[in-house]
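This report refers to the structure that appears directly beneath it.
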Amino acid sequence: MKITIETLVNAKLDHVWTAWNTPEDIKQWNTAQEDWHTTRSTVDLREGGRFLSRMEAKDGSFGFDFEGTYTRIEPYRTIAYRMDDGREVQSEFIDGPDGVRVKSTFDAESENPAEMQRAGWQAILDNFGRYVEAKA
């Protein structure tokens, strides 16, 4: 099953693209809940390049690496990657008169209900939008 989330970011495309792909920015916005944070991020933005975001509970009780390999990069338009568990993700950046629509479609995993996954990924995307707009 594929799940799609999206948000409209009131910022210039180059600001959106940079914040999406810069490790120091990623550590600021990549969280679904206030009691979590991203402690480490690496990005090798090229087809065949790898990425990693280390996500941890702030109380240190749990953490995991979100990582994979980029499969397609169209600068300022599309990023596709395969997570290490084999699931595919594609994010599109659509520039328009009201800002940049960021739309991500990902393969659902089988451990958690689809709505829980959608809500978590949407919360991260919403944090991304707020971060970019505040920084612009």
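Figures for the structure shown
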item: Using distinct alpha-carbon pairs, which all enter the 1/r mean, Kirkwood radius of the stretch 25-73 in Å; result: 11.4 Å
item: Of all accessible heavy-atom area on the chain, the percent that carbon and sulfur account for (1.4 Å); result: 48 percent
item: Gaussian network model of the chain, springs between alpha carbon atoms under 10 Å - residue of Asp25, Asp95, Asp85 with greatest fluctuation; result: Asp85
item: Mean separation of Cα contacts under 8 Å (6+ apart) over length of the stretch 34-85, as relative contact order %; result: 28 percent
item: Percent RCO, i.e. relative contact order, over the stretch 63-116, from Cα pairs under 8 Å lying at least 6 residues apart; result: 22 percent
item: Selection of trypsin sites (Lys or Arg not before Pro), the stretch 41-130, meeting DSSP coil and at most 16 other Cβ within 10 Å; result: Arg46, Lys58, Arg77, Arg87
item: Selected from Gly60, Gly68, Gly99 as most flexible by GNM, with the chain as the system and alpha-carbon contacts under 10 Å; result: Gly60
item: Longest DSSP-loop-exposure-free segment, chymotrypsin sites (Phe, Trp or Tyr not before Pro), the chain, at most 15 other Cβ within 10 Å; result: 1-61
item: Dipole magnitude of the stretch 1-95, debye to nearest 20 (Cβ charges: Lys/Arg +1, Asp/Glu -1, about Cα centre); result: 180 debye
item: The stretch 18-136, relative contact order in percent, only Cα pairs under 8 angstrom and at least six apart counted; result: 18 percent
item: The stretch 25-83, accessible area per residue, ligands and nucleic acids excluded (1.4 Å, Å²); result: 56 Å²
item: Over the chain, equivalent-ellipsoid semi-axes from the Cα gyration tensor in Å; result: 21, 18, 16
item: Nitroxide proxy distance, nm - points 7 Å out along Cα→Cβ at Arg87 and Asp35; result: 2.2 nm
item: Farthest toward positive dipole pole in the stretch 34-136 [+1 Lys/Arg, -1 Asp/Glu at C-beta], among Leu45, Asn112, Ala80; result: Leu45
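The values are calculated or read from the model by the stated rules, or taken from the named source; none is laboratory data. Bear in mind that the values here come from a model prediction, so they are computed numbers and not experimental data. We place every Cβ from the backbone using ideal geometry, glycine too, and count neighbours over all the protein chains shown. Accessible surface is based on the protein model in full, side chains and every heavy atom, while ligands, DNA and RNA are left aside. Shrake-Rupley method; radii C 1.70, N 1.55, O 1.52, S 1.80 Å.
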